[in-house]
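Structure, as structure tokens:
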């Protein structure tokens, strides 16, 4: 009886932890229903039409990645390695190598005049193992006065239900400021550039 009292909780803990500790397969996980994601959103106004804003945001020199600042919990991007197709075309896949030696895989889901959507999976960093995948999207809204509103939605799918509070805390405390710096920096640079 004593042994059962010790073994049952250990088995339960192992059953809950295993999905998080084991790496996933190579392919992208299926996208989920919107209600199963944890999300954060940033919005900025760009002083230009959507076509010009899209071009700037998809450029390595003037896009969001040029303005994000690494933190102790979010490492710098060391390299973007094409795997399939040409980024940012729909269906393109690339490996994002991080300064820590870790990596993720990213694919373009949609790229048109209204939105750019992407999926990230295959996290090799131990602290990212509770994450199944991420679905990000930039939405472009023509304000009709020569300006464009850009909304960046970042939706994270935890691998297991019990990881939700930890993932939400990371989104709120770490990733939302990281996103804000990237989108605000891109908007400020775009708005300051002569046209």
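FYI, it's all coordinate maths here, none of it is from the lab. Model, not experiment: these values are computed from the prediction. Because the Cβ atoms are built from the backbone with ideal geometry, glycine has one as well, and the counts that use them run over all protein chains shown.
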Q: Return the Rg/Rh value of segment 119-195, two decimal places, where both radii are evaluated on C-alpha atoms and Rh is the Kirkwood radius.
A: 1.09
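Quickly rank 103-113, 139-149 as a protection proxy: mean count of other C-beta atoms within 10 Å, highest first.
Numbers: 103-113: 16.5, 139-149: 14.5.
The packing order, highest mean first, is 103-113, 139-149.
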Q | Segments 66-73, 44-51 sorted - mean Cβ within 10 Å per residue, highest first | A | 44-51, 66-73
**Q.** Inter-site label distance for residue 168 and residue 191 at 7 Å from Cα along Cβ, in nm
**A.** 3.2 nm
Q. Expressed as an acute angle from 0 to 90° and rounded to the nearest 10, what is the orientation of the C-alpha long axis of helix 2-21 relative to the principal long axis of the chain?
A. 20 degrees
Q. Does anyone have the angle between helix 176-192 and the longest principal axis of the chain? Alpha-carbon axes, 0 to 90°, nearest 10?
A. 10 degrees
Q. So what are the three principal axis dimensions of the chain from its Cα atoms, in whole Å, longest to shortest?
A. 77, 31, 30
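Quick one: which of 164-170, 152-158 comes out on top by average Cβ neighbours within 10 Å, and what's the full order, highest first?
Numbers: 164-170: 15.0, 152-158: 20.7.
Answer by packing, highest mean first, reads 152-158, 164-170.
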